[in-house]
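All remarks here apply to the structure that follows.
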Amino acid sequence: MNTAESVKTYQIRTFGCQMNVHDSERLAGQLEEAGYVPAGESATPDLVVFNTCAVRENADNKLYGTLGHLRPMKEANPAMQIAVGGCLAQKDRGRIVQRAPWVDVVFGTHNLGSLPVLLERARHNSEVEVEILESLETFPSTLPARRDSAYSGWVSISVGCNNTCTFCIVPSLRGKERDRRPGEILAEVQALVAEGVLEVTLLGQNVNSYGQEFRDRAAFSKLLRACGPIDGLERVRFTSPHPAAFTDDVIDAMAETPNVCHQLHMPLQSGSDRILSEMRRSYRSARYLSILDKVRAAMPDAAITTDIIVGFPGETEEDFEATLEVVRQARFASAFTFQYSKRPGTPAAEMPGQLPKQVVQERYDRLVELQNEISWQENKKLLGRTVELLVATGEGRKDAETHRMSGRARDGRLVHFTPGGPAVDREVRPGDIVRTVVTYAAPHHLVADGDLLSHRRTRAGDNVEAGLRPKTDGVSLGLPSFGAPAAALSTTSGCGA
Ligand code: SF4
């Protein structure tokens, strides 16, 4: 623990999705503005912040278990503070301090910006502070951020979701969709690029509905195109699109904007139209597959990935077979497969026909086996191909043994490569760009063991080498802020869109 009163150390423990990971960057940015510094690995921090997730079953048991472990530390150091934020805090509110009275601050998903003030107030009054707002107070992107990566950054384009998928808790915890103005988004992208970042991922629960708040149906494709001319921005990705709202202008923008990567992560969730309807997902499998056909016609090299839930309430063997059939036709590069589990507070948790664990497990195993085989076949098609990689920090545990490094190809595939050959300029560093040839394909990664064809040192690589990470100020152009209460909240869960 740091005893110098002016320099307090912090640690943030993040659970859940990219949205939370990015929110944690904002929390770190604010804490550093308030004078905190990151705690070293072994040090006992003055402040521990939990950024929680409510999506997984038993998320609360895990949180309370971890908070229990911190109790003796808190008792030994009463000045240490513990804060709990994020989706579970939004859901459980005051219950958190009833179950863990040694917690100092509870804050929700709509008031990330209040954390330093709440900590100060709790310290000053020697009292627990619980502040949960029902709607967004300030768009999180107006807060400063301490970025996790020197070469790759998240940029929020919207928060919340207007859909009502019956398995999803996001709309009830994150509220209705609020869109950021394009000028603010592009200013943040530019600020990141000015710090040396090469790749941005545009982030929203449902990126295709971006613009509905200011009534521009083509806003998302325009945004992609507007990223094109940004000098130094080499890769643009986005997550997640929703099949119901996916329009052809987005495909055209992806194909025609050179720095937009030919990668699409589009959640399928189920291949059964009956189950899609029970999930309140408004597209059907034929529409889903037709989008993939169009994407591949425009970008034959596109890597398409998905999310699939197995064992939704009432799912029959026939429904599951329909999912397998869509998976066979879709030929995903990879899929995130989930076994359905009840998420309290969602309509699906109350539905009849909840399936026994062994049925869900057996179907899940069959799906994983099929998808692994397809992923492997798709990866084998890349043998002998040249790939451009953005070198990453420690993406594979085995890299140290094999003397390989890892990177992501433009289509998002993970490639372990040998950083050798005459093209290497001094040393390859995370954040640099290399080109190499694929020599081996496994279901979930590729290997490139020949000499590099090229190696480009980048500013991002210099920053990694110097231990620097970008810090961006909050980006706001003084456009209307998000103060109005959201209308009735929908009661759903989960997400990947
Ligand atoms: S699954 Fe995605 S699209 Fe559906 S309600 Fe949740 S956040 Fe919205």
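The values are calculated or read from the model by the stated rules, or taken from the named source; none is laboratory data. Predicted, not measured: the structure shown is a model, and the values here were computed from it. Every residue, glycine among them, receives a Cβ derived from its backbone with ideal geometry; neighbour counts consider all protein chains shown.
When E350, E325, E318 are screened for being touching a residue at least 40 places away in the same chain (Cβ under 8 Å) and over 29 Å from H444 (Cβ atoms), only E318 passes. Within the stretch 342-393, take every residue that is touching a Phe, Trp or Tyr at 6+ places or on another chain (Cβ under 7 Å) and within 30 Å of G467 (Cα to Cα) and give me the one that is surrounded by the most Cβ atoms within 10 Å (Cβ to Cβ). If we take residues in the stretch 342-393 being touching a Phe, Trp or Tyr at 6+ places or on another chain (Cβ under 7 Å) and within 30 Å of G467 (Cα to Cα), then L389 is surrounded by the most Cβ atoms within 10 Å (Cβ to Cβ).
Every listed requirement among (1) within 16 Å of the ligand (Cβ to nearest atom); (2) out of contact with any Ser or Thr (no Cβ under 9 Å at 6 or more places or on another chain) is met by I169 save one, (2).
Consider R215 carefully, then state whether it is free of Cβ contacts under 8 Å to residues at least 24 places away in the same chain and either surrounded by fewer than 22 Cβ atoms within 10 Å (Cβ to Cβ) or closer than 18 Å to M266 by Cα (or both). So R215 passes the test.
May I ask you to list the residues in the stretch 15-57 that are surrounded by 20 or more Cβ atoms within 10 Å (Cβ to Cβ) and of a type in the set (V, I, T)? Scanning the stretch 15-57 gives V48, V49, T52, V55. Yes or no: M266 buried (at least 17 other Cβ atoms within 10 Å of the Cβ) and within 16 Å of the ligand (Cβ to nearest atom)? Criteria met by M266.
Scanning the stretch 261-286 for residues that are within 27 Å of G353 (Cα to Cα), in contact (Cβ under 8 Å) with a residue 24 or more places away in the chain and not in a loop (DSSP other than H, G, I, E, B) returns Q269, D273, R274, I275, E278, S285. For the stretch 226-270, the tally of residues that are in contact with an Asp or Glu (Cβ under 6 Å, 6 or more places away or on another chain) and farther than 18 Å from V189 by Cα stands at 3. Among the residues making up the stretch 296-354, those that are among the basic types (K, R) and modelled with pLDDT of 95 or more are R296, R328, R331. Here P300 meets the list (1) free of Cβ contacts under 8 Å to residues at least 12 places away in the same chain; (2) assigned to a helix (DSSP H, G or I) almost entirely, failing just condition (2).
Of the strands (runs of 3 or more DSSP E) lying entirely inside the stretch 382-450, those containing at least 2 residues that are within 25 Å of the chain's Cα centre (by Cα) and not β-branched (V, I, T) are 386-391, 405-409, 414-417. Scanning the stretch 277-291 turns up no residue that is within 25 Å of L389 (Cβ to Cβ) and outside the structural domain of R459 (by TED's automatic domain parsing). L192 falls short of the stated requirement of being touching a Cys at 6+ places or on another chain (Cβ under 8 Å) and part of a helix (DSSP H, G or I). Of the residues E213, E199, the single one that is within 16 Å of the ligand (Cβ to nearest atom) and of a type in the set (D, E) is E213.
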